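Worksheet for the structure shown next.
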Amino acid sequence: MNKLVTSSVITCPVCGQQQTEEMPTDACQYFYECRHCHTILKPKAGDCCVFCSYGTVQCPPMQAGSCGCC
């Protein structure tokens, strides 16, 4: 089994700010507030969380193939 990646760089679609964040390993994160422009990000249609929509790495539940919210 591959080791889960637990950090991802989120890019805000509004201002372009990039921020490295630690992802929860046991859940999907539905909301994220950009530290620069304070926009509240939500997943795009069809994605389970903000990391899958705006991050460089999918969330750990998706990496493991056990995403319970999808």
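If a residue must be charged (D, E, K, R) and surrounded by 13 or more Cβ atoms within 10 Å (Cβ to Cβ), how many such residues does segment 43-70 contain?
Looking only at that region, the number is 1.
Listed residues T25, T20; which is among the polar types (S, T, N, Q) and either touching a strand residue (DSSP E or B) at 6+ places or on another chain (Cβ under 6 Å) or not in a loop (DSSP other than H, G, I, E, B) (or both)?
T20
So, in segment 41-70, of the ones that are in contact with a Leu (Cβ under 7 Å, 6 or more places away or on another chain) and not small (G, A, S), which residue ends up farthest from A27 (Cα to Cα)?
Y54
Look at S7 and say whether it is touching a residue at least 12 places away in the same chain (Cβ under 8 Å) and buried (at least 18 other Cβ atoms within 10 Å of the Cβ).
The answer is no for S7.
Could you give me the residue pairs with C-beta distances under 8 Å whose first residue belongs to segment 39-55 and is outside any helix (DSSP H, G or I), whose second residue is surrounded by 21 or more Cβ atoms within 10 Å (Cβ to Cβ) and β-branched (V, I, T) wherever it lies, and which are 6+ apart or on separate chains?
Here the result reads L41/I10; L41/V50; K42/V50; P43/V50; G55/I10, each pair linking segment 39-55 to a residue that is surrounded by 21 or more Cβ atoms within 10 Å (Cβ to Cβ) and β-branched (V, I, T).
Name the residues in segment 19-32 that are farther than 13 Å from V57 by Cβ and surrounded by fewer than 12 Cβ atoms within 10 Å (Cβ to Cβ), would you?
Those that are farther than 13 Å from V57 by Cβ and surrounded by fewer than 12 Cβ atoms within 10 Å (Cβ to Cβ): D26, F31.
Computed from the coordinates by the stated procedures, all read-outs in this text should not be read as laboratory data. Keep in mind that this is a model prediction, so the values were computed, not measured. Neighbour counts are summed over all protein chains in view; Cβ atoms, including those assigned to glycine, are modelled from backbone coordinates with ideal geometry.
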